[in-house]
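Notes follow the structure.
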There are 2 protein chains.
Amino acid sequence: MTLDPQNSQAVVLLSGGLDSTTVLALARQQGYRCHCLSFAYGQRQAVELDRARENARRYQAEAHLVLNVDLDRIGGSALTGPWPVPKDVPVGRGEPPRAAAEIPITYVPGRNTIFLAYAAAWAEVLGAWDLFIGVNATDYSGYPDCRPEFLLAFENLANLATRAGVSGAGRFTVHAPLLRMSKGEIVRTGQRLGVDFASTHSCYDPDPQGRACGHCDACQLRLLGFAEAGLADPAPYQPGGRPA
Amino acid sequence: MTLDPQNSQAVVLLSGGLDSTTVLALARQQGYRCHCLSFAYGQRQAVELDRARENARRYQAEAHLVLNVDLDRIGGSALTGPWPVPKDVPVGRGEPPRAAAEIPITYVPGRNTIFLAYAAAWAEVLGAWDLFIGVNATDYSGYPDCRPEFLLAFENLANLATRAGVSGAGRFTVHAPLLRMSKGEIVRTGQRLGVDFASTHSCYDPDPQGRACGHCDACQLRLLGFAEAGLADPAPYQPGGRPA
């Protein structure tokens, strides 16, 4: 564990969504100097990278790397492939999937493993020990790489895989401060920390203007969170996208 | 464990070097249908990718993906950065490093974690359970991410991180058949399997014609292996690169 975050650097995985932006705000509040890491991976929702850039500036990131990674050439997900993004599927059951068939097609194989692997690599180069990721309990109802046991296994791996880990000078910690929060709690946390929600993007299937569809899993969870928090979502939606 | 490799698909990490080409030959001999995965990561020795393409064809790979990954923008290694590649440093002690300072500057932070993460992602998409990687004991004298405990930790992670792992239909296995071999044993294994050594590239610092320097760690280990096996290395060397 890092004892003196006032002097600590962190690598923050920043997609540009509601969750990762709230995580960045939390890490900054805790005094971390944040190095933000985003990925261009052929995602439909590449508009999220513009939102990530805005928030990296807003939260005075020490640096912001947007890495090009060829995840789309591996395939297997509606976020990068030719399949339609599912709409109006019930979300947020909060239970782990019992069968592979229950895992949504928007799951990107290996994504969080790959993203955390890059984060650990950059942390090693920076001399940082703290990695922040915005996974949460609602997501891990569907995505295997959002579960607490996955995060612990990654922490173990990072401490074995690196020169930093071998050195004994510290231990990598994966911080997932949203893990046990509901979407409503995330929205309230973001509001308390002054997150500009209009400058966050969650939708898996935005229109060419970057407006949210309101019906994919990510939109449904986001809207659920704002409803739970008793707030209106200031982000732009397509016609018919925002609930009445 | 995979019980029937005659029907099995594997993802083989193929750098184009002596070790990974021998691993590909071993996997083919065991009956695996091989999907080869290589990475363009800003490495000095990008000529190795041409050798990887030749060997993927030679061993009738089902597919060969060369992914562009921005590892060089993370930095921290002489293989991708502005530092000179060390020459004529004693190699092959065969002992794990006792301190971070003993890990060579040619270590690329996070490289094997990132490469295995992509391999597991592709395997999941393909429905494959077997990952092959050419790490070996001589390398793990210097690189933390070539150690057996790292490979086991990755296997554990892959089985937690993926839809495939959650499904219970199988378990990912990381095969590192060279792990306990000396470089001489690797050369003898490759020879037995008909590896075309002239079509493998190991040098970290080739000249513009792709000829090996003969003095970096990778060249020294390779030449040691050929000497142990009592064979001449048919690969091209720069003037002064090949020992008398």
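Suppose we keep only residues that are among the basic types (K, R) and part of a helix (DSSP H, G or I) within the range B:32-73. Which one would you say is farthest from B:V12 (Cα to Cα)? Filtering the range B:32-73 for residues that are among the basic types (K, R) and part of a helix (DSSP H, G or I), the one farthest from B:V12 (Cα to Cα) comes out as B:R73. Within the range B:177-217, count every residue that is more than 16 Å from B:A232 (Cα to Cα) and among the aliphatic types (A, V, I, L, M). Residues in the range B:177-217 being more than 16 Å from B:A232 (Cα to Cα) and among the aliphatic types (A, V, I, L, M): 4 in total.
When B:A169 is tested against (1) under 25 Å from A:R73 (Cα atoms); (2) part of a loop (DSSP other than H, G, I, E, B); (3) modelled with pLDDT of 90 or more, just one condition goes unmet, and that condition is (3). Scanning the range A:164-181 for residues that are surrounded by fewer than 20 Cβ atoms within 10 Å (Cβ to Cβ) and free of Cβ contacts under 8 Å to residues at least 40 places away in the same chain returns A:S167, A:G168, A:A169. Just a yes or no: is a residue in the range A:182-193 facing another protein chain (nearest Cβ under 9 Å) and buried (at least 24 other Cβ atoms within 10 Å of the Cβ)? Checked the range A:182-193: no residue is facing another protein chain (nearest Cβ under 9 Å) and buried (at least 24 other Cβ atoms within 10 Å of the Cβ). Counting the residues of the range B:112-139 that are part of a helix (DSSP H, G or I) and either in contact with a His (Cβ under 7 Å, 6 or more places away or on another chain) or at pLDDT 85 or above (or both) gives 15. For the range B:227-244, residues that are within 21 Å of the chain's Cα centre (by Cα) and either surrounded by fewer than 20 Cβ atoms within 10 Å (Cβ to Cβ) or among the acidic types (D, E) (or both) total 7. Within the range A:143-152, not a single residue is within 22 Å of B:C146 (Cβ to Cβ) and either of a type in the set (K, R) or in contact (Cβ under 8 Å) with a residue 40 or more places away in the chain (or both).
Candidates are the residues of the range B:17-46 that are closer than 25 Å to A:D70 by Cα and surrounded by fewer than 19 Cβ atoms within 10 Å (Cβ to Cβ); the one that is modelled with the highest pLDDT is B:R33. Test of understanding: among A:V125, A:V195, A:V135, which residue is of a type in the set (A, V, I, L, M) and in contact with a Ser or Thr (Cβ under 8 Å, 6 or more places away or on another chain)? One residue alone meets the criteria, A:V195.
When every residue of the range A:98-107 is checked against the conditions, none turns out to be more than 9 Å from chain B (Cβ to nearest Cβ), modelled with pLDDT of 95 or more, out of contact with any Ser or Thr (no Cβ under 6 Å at 6 or more places or on another chain) and surrounded by 21 or more Cβ atoms within 10 Å (Cβ to Cβ). If only residues of the range A:149-163 that are in contact with a Lys or Arg (Cβ under 9 Å, 6 or more places away or on another chain) and facing chain B (nearest Cβ under 7 Å) are counted, the one that is surrounded by the most Cβ atoms within 10 Å (Cβ to Cβ) is A:A161. One residue stands out in the range A:206-224 among those that are within 17 Å of the chain's Cα centre (by Cα) and in a helix (DSSP H, G or I): the one that is surrounded by the most Cβ atoms within 10 Å (Cβ to Cβ), namely A:C219. Please determine, by comparing only the residues of the range B:176-205 that are hydrophobic (A, V, I, L, M, F, W, C) and outside any loop (DSSP other than H, G, I, E, B), which one is farthest from B:F226 (Cα to Cα). Going through the qualifying residues, I end up with B:A198.
Among the residues of the range A:181-188, is there at least one that is under 15 Å from the mean Cα position of the chain (by Cα) and modelled with pLDDT of 95 or more? Yes, there is a match, as at least one residue in the range A:181-188 is under 15 Å from the mean Cα position of the chain (by Cα) and modelled with pLDDT of 95 or more. The condition of being within 14 Å of chain A (Cβ to nearest Cβ) and either of a type in the set (D, E, K, R) or in contact with a strand residue (DSSP E or B) (Cβ under 8 Å, 6 or more places away or on another chain) (or both) holds for only one of B:D196, B:D130, B:D207, B:D145, that being B:D145.
All told, B:A227 falls short of being touching a Pro at 6+ places or on another chain (Cβ under 7 Å) and not in a loop (DSSP other than H, G, I, E, B).
The values are calculated or read from the model by the stated rules, or taken from the named source; none is laboratory data. A quick note: this is a predicted structure, and the numbers were derived from the prediction, not measured. All Cβ positions, glycine included, derive from the backbone under ideal geometry; neighbour counts span all protein chains shown.
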